[in-house]
Structures are given as structure tokens and as C-alpha cells.
Amino acid sequence: MAESMQGMKRTNRCAELNAADVGKTVTVMGWVQKSRNKGGIIFVDLRDRSGILQIIFEGTDIDADGFEKAARLRSEFVVAVTGVVERRAGGVNENLATGEIEIRAKEIRILSEAETPPFPIEEDSKTKEELRLKYRYLDLRRPDLQRNLMLRSRVACKIREFMTREGFLEIETPMLAKSTPEGAREYLVPSRIHPGKFYALPQSPQLFKQLLMCSGYDRYFQIVKCFRDEDLRADRQPEFTQVDMELSFVDVEDVLDVNERLLKEVFQDAIGIDIPLPIPRMTWQEAMDRYGSDKPDTRFGMELQNISELVKDCGFGVFADAIRNGGSVRGINATGEGEMPRKKIDALVEFAKGYGAKGLAYIAIANDGTRKCSFAKFMTEEELDAIVAAMDGKPGDLLLFAADRNKTVYAVLGALRLELARQQGILDKNQFHFLWVTEFPLLEYSDEEGRFVAMHHPFTMPMEEDLPYIDTDPGRVRAKAYDIVLNGIELGGGSVRIHQHDVQEKMFEVLGFTPEEAYDRFGFLLDAFKYGVPPHAGLAFGFDRMLMLMAGADSIRDVIAFPKVKDASCLMTDVPHTVDEKQLVEINIRAVMPEEKTEE
């Protein structure tokens, strides 16, 4: 039967005690991690969020009722114990922060009994994630997840401290906003009072933070929930948190400077990592040419090499045709993989096809210098020698080539170098390689929509020197946009915003909006701009992604208290769920279930 803790007050968390506390009478409370009954003496490992502490129950120190209670303890019972701190009799346990001490119990109360949990509450659990997420409240008792959430709290506090010191104001923006379908798919909320009309949960506070700049607040920030109804991956959730900011009377350099100093202070304080400043920079074009990605992982080399000039007139039609059609031929050198079995190379070819490749060409250079080449019959020995030299190929290397449109070649080789690095085990989570990627294209052509779309959003400022090309060659126009990348993951991004009326009108025109459509979607912002808008710029960090990397976790689910799974459902609370018909009637909604497909 559960007891009250009335009259008993916790004096310390478990791992707050150490050898300096020997001789003190203390009261600790927590969960039983493990209990070992040795007959006349009972050893209990007590756990709370700070760590584990050993408790000793012996009949000479505690009354018979207390000893009987101790004998009943099982895993996850919640108890309160009063006792005296002693040096550990059996020698120091080096695996525990409290390994020098133990508590000799004088009194115990069982505050709550527990059923046997469906999986062990232990660090680095091997239990399937689906089961752990179903019982997330138990999973969150694990020390590694508790450390992650304590890290999250510490980082949030440090960000607030830094931003306040830098003159930023923390201002909340609405969760019920207007739909802006130009971006990712949104979550819609029907209005009961306004039948047939909807709110949208914000993908970001973008428009509101620009309005705050119009309102003269100068420097805004917010640690804010955002929502996107999109397909999920390890680093995505339908609801996520970002560190959002906007600054007035600034340009690119000002935004990069304040964010570099923010990152340096946060990483140093939270995990003891010193980030050398300034953080390296690379233009978008250079990143694509060297790494095949606009978020390159610079912890290792294996950079792309463009051999188009060498092979443009060769007899291998795959290469020559790709170049003739405006594409390119590029390769990567997987050093040390020259003896890779054919079966494994074939697996790489299949991997590449998943990124749009029709195939992969290769030259495998054995350790004795002999070569196996998938396209040797179309080339002369001199041409092959020139390719190997251009790729810096040496005995023991594997040279892999993609030939197609640049967009496909970048995607294939960018993914392939990461896959090879994973296979080689050279990605070190304890390395932190930051990189600014700058000068993104302002627009990208969407084959699906048959028009140019904004690479970031419609309010991104073009680089002034590129404005003359916006009508004649819009794909050439670069943006005053920048991303911060860490270990091949986009940590955050932002841009200088358009504050000139004529430039904003031109941007809407290029994106295919009529003046009426632009006003219908963004009229409140355009109206605000009529009354004096300062030059402004901003950036948003993916808070969950940043914490995932800081904690060395494999998924952002490991740094979020109650995450969703890949289909955007919660296994613990069983949402999304049906609602009463009466609720649907009140908001003028009727649920229409998709028809089941029948086989012909």
C-alpha cells in the first residue's frame, strides 16, 4: 500500500551527494533500479534524474517494519529513504558518480508500487523503439534520455541568456495563422465561428517576425513550435522547435556574426566544444561542385571531380551524350576500396539508382595496379590513364562516375560519398565541422509546376548585382541567403529580406503571382510595408536537430520528450484519433474516408 511523504522532505537528489557528505543524515527519493536481498542485508540502487545511489538496509539500523518494506522492493517502486551517508564498504564503484558512498537507511516509505515494466529501464536500451515509444513515460526514465532532455533545457536557457544580452526581445507570435501554401504542406484548423474558413498552424513565424521589424522592435527572437505536414525522416517531426530571430538595419555579415558567437557560446557551455571563429564559408555553387550537396559533410574528403572536358569527345556514349545534352560527367575517388567485390559495387549502383542515376561507371584499381573498368572497351588506354590521373587514382582506389544532368549527378555522387563514408566508418560524432553555405540561387525551376519557385521564400532579397537578370535569366539570380551546416546536416538558414516595394512586386511576378493573388495571400504584410519598413534579415535554427548533434543521437526523437513516429502518429496517446460526430458538426466538417481500392 502506498504511503504518504507527509513530514518527510527530500534533502538531496541521489547524485548530488559525495564523500564530502559522509556522516550527514539525508533524505532521498526516487525509483528502485535494482534490489539485491542477501539475507540479513538488502542493497538497493535508487535512481532519480541525477543518477544512482546505493542504499543499505540492515536489521540493526532499521526497525522490523522498515526491513520488511525493503524486502518487498522491486524495480520501479517509488520510495523515500532517510539515512546516514557512509563511505562504501565494498570499495569504490568507478562506474557511478556516487561510487565512493552509500546510505545506511534508518527509515523507508513506499510511496508507490509498480508493476513489472515491459522492458528494462536501462541506458542504451536494445528494446525496439516502437515498444519504447508506446511506453514513452517509462522510456523517459532512462538516464541517457534524461541527460538529453536536461541538455535541451540547458541549451534553451543559454540561448535566452545570450540573446537577451545581445539586445533581442523574446516575443510570441500566433499559433493560429493564415495559410501560405507556397511552402510545405500545412496543418489546417477549421473555424467553428466562421464556417468554411480555416486557420493554419505556422510552418514558421516568418511573416509575423517581419511585421515586428515594421513595428520597430529591432531585434526579435523566439524558441517556437512550428508545424509541417510532410513525410518524416530521422531529423523531421510534424511539430518541431526552432530558434527564430529577426534583426533590423543589418546585412548578411551582421546576421552571421551574431549567430557565430551564439553557437560558440552555446556549444562551449553545454558540451565543452570550442568552435573556432570565423566559421568557414562556401558558396552554394562551390558546395555543389565539390560535394554534390548544399549541406556538405566536411569531416572527410572524397570530393567530386569534374572530368567533362576530358571525356566530351570520347567513344563512350553515356559520357559524351550527357555533356552534349548540357549535363556533366563527375566522379569520386573512394580511396582504399579498389579491391571491393563486384557484388558490393553492384549494390552501390543500385543505391545510386535510388537518387536518379541510370547507372554508375567505375574503374577499380587493384593493389597491384591492375585495372577493372566498366567502360574500358569504349576508351583508349591513354584516355583511361588521363581519367585516372585527373581523379588522382592510385593502386587500391575505386573511381566511381555519374553522367547526367548536373542536378542528378550532384544528387547521386553527393549521396554516394556519404554512403561510402558510412560503410568505411569514418563519420566521427565527436567532430563538429561547421560551415556557412551562402549565395543560394534565388529561384529553382519546378518541373512539376512548370514554373520557377522560390528556393527559400518569396521575401528573400536577390543580390543587387544579379537583379538585371531576373527577367531574362531568373535561374542565374543569386539570393542573399545563407545556411549554417553542421556535419552534413542543415542546422539553420535565413536570408536578407526584401524591403523595397518594386523588388517585391517583381519577385511575385517572376513567381507567377498576379497582383491580386499576391495581395490575397500576403496583403497584411504588403500593407505594413507601405508605412515604413527597415532593411531587415533573419535566421532560424532547427533546435531539435542541433540538440540531436550535440547529444550524439541518431534521431531527433531522442531529444524530444514525446515525439511522433514516421506516419506522424503518437504510439503512446494513439493520435491522430477519431472525434465525436457532434464536434465535426459544430465546425461544419464531414469526414470522408477514402474508398478502398479493389483489385481488378
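The values are calculated or read from the model by the stated rules, or taken from the named source; none is laboratory data. If you're wondering where the values come from, they're calculated on a predicted model, not measured in any experiment. Using ideal geometry, Cβ is built from the backbone for each residue, glycine included, and neighbour counts are taken over all protein chains shown. Accessible surface areas use protein heavy atoms only, side chains included; no ligands, DNA or RNA. Shrake-Rupley method; radii C 1.70, N 1.55, O 1.52, S 1.80 Å.
Taking every eigenvalue of the Cα gyration tensor of segment 100-220, multiplying by 5 and rooting it, what semi-axes result, largest first, whole Å?
43, 25, 15
Which value at 222 nm does the chain reach when only helices count, each DSSP H run of 4 or more adding -39,500 (n - 2.57), with the total divided by all residues and rounded to the nearest 500 deg cm²/dmol?
-8500 deg cm²/dmol
Out of residues 5 or more away from L169 or on other chains, whose amide H comes under 5 Å of its own, with H placed 1.01 Å from N in the peptide plane?
So L169 has HN proximity to R219, Y220, F221.
For segment 283-337, go through all pairs of different Cα atoms, get the mean of 1/r, take its inverse, and jot down that Kirkwood value in Å.
Across segment 283-337, the inverse of the average 1/r is 12.4 Å.
With just the Cα atoms of segment 497-555, tell me how far they stretch along each of the three principal axes, in Å, largest first.
Here the Cα extents, ordered largest to smallest, are 48, 26, 18 Å.
In segment 1-93, which GluC sites (Glu not before Pro) fall in coil by DSSP and have 16 or fewer other Cβ atoms within 10 Å? Kindly include the intermediate steps, with their values, before the conclusion.
Details: sites: E3, E16, E58, E68, E76, E86; in loops: E3, E76.
Hits after loop and neighbour filter: E3.
Between Rg and the Kirkwood Rh of segment 410-509, both from Cα atoms, what is the Rg to Rh ratio? Don't jump to the answer; show the numbers that get you there.
Details: Rg = 16.9 Å, Rh = 15.6 Å.
Looking at segment 410-509, the ratio lands at 1.09.
Loop-only check: which chymotrypsin sites (Phe, Trp or Tyr not before Pro) in segment 527-585 are DSSP coil with at most 12 other Cβ within 10 angstrom?
Counting only loop positions with at most 12 other Cβ atoms within 10 Å, the chymotrypsin sites (Phe, Trp or Tyr not before Pro) in segment 527-585 are Y531.
Multiplying the sequence separation of D124 and R185 by 0.36 nm and subtracting their Cα-Cα distance, what value in nm do you get?
Numbers: separation 61, 0.36 × 61 = 21.96 nm, distance 3.51 nm.
The span from D124 to R185 would gain 18.4 nm if fully extended.
Can you tell me the convex hull volume per residue for segment 426-470, based on C-alpha atoms, in Å³ to the nearest whole number?
155
How many Å² of accessible area per residue for the chain, probe 1.4 Å?
Averaged over the residues of the chain, the accessible area is 50 Å².
For the chain, what is the Kirkwood estimate of the hydrodynamic radius, computed as the reciprocal of the mean inverse distance between distinct Cα atoms, to one decimal in Å?
It is 28.8 Å.
Going out from 0 in 5 Å bins, what whole percent of all Cα-Cα distances in segment 1-132 drops into each bin?
2, 11, 21, 24, 21, 12, 6, 3, 1, 0
Can you give me the % of accessible surface on segment 149-217 that is carbon or sulfur? Probe 1.4 Å, all protein chains present, nothing else counted.
With neighbouring chains kept in place, the figure for segment 149-217 is 57 percent.
Determine the gain in length on full extension of the stretch E94-R74; use 0.36 nm per residue of separation and subtract their C-alpha separation, reporting nm with one decimal. Intermediate values should be presented prior to the final figure.
Working: separation 20, 0.36 × 20 = 7.20 nm, distance 2.47 nm.
Computed gain between E94 and R74 is 4.7 nm.
State the answer as a single residue: which of Y199, L211, M455 lies farthest towards the positive end of the charge dipole of the chain, with beta carbon charges of +1 for Lys and Arg and -1 for Asp and Glu, about the Cα centre.
Y199
Kirkwood Rh over Cα pairs of segment 257-410 into Stokes-Einstein at 25 °C, 0.890 mPa s: D in µm²/s?
My calculation gives 142 µm²/s for D.
First measure r as the distance between the Cβ atoms of H194 and Q6, then evaluate 1/(1 + (r/R0)^6) with R0 = 56 Å and state the FRET efficiency to the nearest 0.05.
It comes to 0.60.
What FRET efficiency comes out for R422 versus I171 if R0 is 56 angstrom and r is the Cβ-Cβ distance? Round to the nearest 0.05. Can you show the working numbers first?
Numbers: r = 42 Å, r/R0 = 0.74.
Plugging the Cβ-Cβ distance into 1/(1 + (r/R0)^6) gives 0.85.
Once you sort the root eigenvalues of the Cα gyration tensor of segment 4-76 as a ≥ b ≥ c, which label holds: rounded (a/c under 1.5), prolate (a/b larger than b/c) or oblate (the other case)?
Verdict is rounded for segment 4-76.
Against the empirical 2.2 N^0.38 Å scaling, what ratio does the C-alpha Rg of segment 221-289 come to?
Its radius of gyration relative to the 2.2 N^0.38 Å reference: 1.40.
May I ask you to derive the relative contact order of segment 404-489, considering only C-alpha pairs under 8 Å and at least 6 residues apart, and to give it as an integer percent?
The value is 33 percent.
Determine the gain in length on full extension of the stretch K429-N306; use 0.36 nm per residue of separation and subtract their C-alpha separation, reporting nm with one decimal.
41.3 nm
For segment 99-150, evaluate the Debye formula with one uniform point scatterer on each Cα (no solvent term) and list log10 I(q)/I(0) at q = 0.16, 0.19, 0.29 Å⁻¹, rounded to two decimals.
Each listed q maps to, in turn, -0.66, -0.81, -1.10.
Among 162-172, 20-30, 258-268, how do they line up by average Cβ neighbours within 10 Å per residue, starting with the highest?
Values: 162-172: 14.3, 20-30: 16.6, 258-268: 18.9.
Highest to lowest by the protection proxy: 258-268, 20-30, 162-172.
Which FRET efficiency value, to the nearest 0.05, do you get for V503 and V579 by plugging their Cβ-Cβ distance into 1/(1 + (r/R0)^6) with R0 = 51 Å?
Numbers: r = 46 Å, r/R0 = 0.90.
Rounded to the nearest 0.05, the efficiency is 0.65.
Of the listed peptides 333-344, 351-362, 403-414, what is their order by residue-averaged count of other C-beta atoms within 10 Å, with the highest listed first?
403-414, 351-362, 333-344
Residue by residue through segment 296-311, what is 3J(HN,Hα) from phi via Karplus (6.51 cos²θ - 1.76 cosθ + 1.60, θ = phi - 60°)? Round to whole Hz and write x for glycine and proline.
x, 8, 9, 6, 8, x, 6, 6, 5, 10, 8, 10, 4, 4, 5, 10
Determine the percent antiparallel among the DSSP beta bridges restricted to the chain, to the nearest 5.
Working: 91 of 98 bridges.
That works out to approximately 95 percent antiparallel.
Give me the net charge of E3's neighbourhood, meaning all other residues with Cβ under 15 Å from the Cβ of E3; Lys, Arg count +1, Asp, Glu -1.
0
Distance cut-off 29 Å, Cα to Cα: go down the list K178/K582; K353/K377; K264/K407 and report the pairs above it.
K264/K407
Sticking to Cα atoms, compute the Rg of segment 339-464 to one decimal and its Dmax as the biggest Cα-Cα distance, whole number, in Å.
Rg and Dmax of segment 339-464, Cα atoms, are 18.8, 57 Å.
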